[in-house]
1. Collect the residues in the stretch 308-335 that are touching a Lys or Arg at 6+ places or on another chain (Cβ under 7 Å) and of a type in the set (S, T, N, Q), keeping them in residue-number order.
2. Restricting to the stretch 23-56, and then to whatever is outside any loop (DSSP other than H, G, I, E, B) and hydrophobic (A, V, I, L, M, F, W, C), can you tell me which residue is surrounded by the most Cβ atoms within 10 Å (Cβ to Cβ)?
3. Of everything in the stretch 368-388, what is farther than 15 Å from VAL285 by Cα and touching a residue at least 40 places away in the same chain (Cβ under 8 Å)? Give them in sequence order.
4. Identify, from the list PRO195, PRO231, the residue that is surrounded by 19 or more Cβ atoms within 10 Å (Cβ to Cβ) and touching a residue at least 12 places away in the same chain (Cβ under 8 Å).
5. Residues of the stretch 130-145 being small (Gly, Ala, Ser), part of a helix (DSSP H, G or I) and open to solvent by less than 30 Å² (accessible area, probe 1.4 Å), which ones?
6. State all residues of the stretch 314-340 that are small (Gly, Ala, Ser) and either under 25 Å from the mean Cα position of the chain (by Cα) or under 19 Å from ALA353 (Cα atoms) (or both); if no residue qualifies, say none.
7. Confirm whether ARG146 is basic (Lys, Arg) and more than 21 Å from the chain's Cα centre (by Cα).
Amino acid sequence: MKKQTKAIRIQADKSQNREHSVPLYLTSSFAFESAEQGKALFDETEEGNIYSRFSNPNVTEFVEKVCMLENAEEGIATGTGMAAVFASMAALLKSGDHIVACRALFGSAHQIITQILSKWGITHTYVDATATEAEWEAAIQPNAGRPAAKMVYLETPSNPGLELVDLEMLARLKAKYNFILNVDNCFATPILQTPIDYGADLSVHSATKYMDGQGRVLGGIVVGRADLIQPIRFFARHTGPSLSPFNAWVLSKSLETLELRMERHCSNALKLAEALDGHADVARVLYPFLPSHPQYDLAKKQMSAGGAIVTIELEGSFERVKAFYDALTIPTLSSNLGDSRTIVTNPNTTTHAKLKPDEKAALGITPGLIRISVGLEAIEDLIEDFTKAVEKSAEVIKENVA
């Protein structure tokens, strides 16, 4: 049976009411049929729901679908994507451990590694996404009193520079050094890329993005090896970053259309990238499935399509960005992404604003960088709107200089 069919047909067990659509289980707790059952549930000799902070039928259904899509053994859902990222690290690392991470990370992931884990005595080393296998290996090995990496964490494609990391290469190093390979798969989604098939131990998502797809709810999920999910589940149950039943219900429903939506997202994104690539008023266009992308061959190897994010760079300061924004008529100005509606953001002043200037420079985050989350609108309308905004903003800057 194909995954698309399973994403639609996996459902919580029907109740005595024989409903076709899974109901909402908006309850904080669940009743026991007997004292014996209560005891069995708590000593884990019987599986079942106890308290919605631990499990809930709606949440379980969502987790089962994502595990199926990612080819994962088990998983746990959380209230937000960052809760999933944090749990995947905090539950598995302890004082004295070392984490190696791709330098190109979402701002909040960077803050967790540098500002929170560091307070617990967990050290880190950053590696460029485009680093060679030898450079990754040098960072992973013990060095100058630093232990070997306990975990390697990365995003591929990265936010917002769309850099890719070779998952097969890291799997080879994992076999040699036995670290936990933890991959943020949010941008690709399990429709375009399944890191576990390449050797990853964990795959993490902000379900807020494409899994929801319409900007309605927050959610996160970690899936992967059962022996690693167990301590993550313990951590999450006792620290409480629970996914609400309502949000889980929405997310599970959304997974039914994820494949269809990603097909349109990717088609639109590629066409928009092609239209802007080489435009005289655009300094640079980044999209994994553009032949001009420096890691085009790697993208074609480990992704089935290029994703829904296009990053462009406009020459000029924040004044150019403002003029570009003012000229747009269709996109939403927001720091979010993964919506059916096209969204634009300037990472320099929003998602990565807290980074130091040298950190921004290392990630290629310039004042004129624009991240475009390409939506499901008619592509002809998007191309026309973006082209006009690019040209109008260039004219405004030239007029101001003159």
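1. Residues satisfying the conditions are THR311, THR332.
2. Result: LEU41.
3. Matches in the stretch 368-388: GLY375, LEU376, GLU377, ILE379, ASP381, LEU382, ASP385, LYS388.
4. Only one candidate passes the filter, namely PRO195.
5. ALA139
6. Passing the criteria: GLY316, SER317, SER334, SER335, GLY338, SER340.
7. When the stated conditions are applied, ARG146 passes them.
Per-residue answers, yes or no, for (1) at pLDDT 95 or above; (2) touching a strand residue (DSSP E or B) at 6+ places or on another chain (Cβ under 9 Å):
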{"position": "ALA104", "(1), (2)": "no, yes"}
{"position": "GLY107", "(1), (2)": "no, no"}
{"position": "ILE116", "(1), (2)": "yes, no"}
{"position": "TRP120", "(1), (2)": "yes, no"}
{"position": "ALA134", "(1), (2)": "yes, no"}
{"position": "PRO147", "(1), (2)": "no, yes"}
{"position": "PRO157", "(1), (2)": "yes, yes"}
{"position": "VAL165", "(1), (2)": "yes, yes"}
{"position": "ALA171", "(1), (2)": "yes, yes"}
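The values are calculated or read from the model by the stated rules, or taken from the named source; none is laboratory data. Just so it is clear, the structure is predicted and the values come from calculations on it, not from any experiment. With ideal geometry, Cβ positions are generated from the backbone for all residues, glycine too; neighbour counts draw on all protein chains shown. Heavy atoms of the whole protein, side chains included, go into the accessibility calculation; ligands, DNA and RNA do not. Shrake-Rupley method; radii C 1.70, N 1.55, O 1.52, S 1.80 Å.
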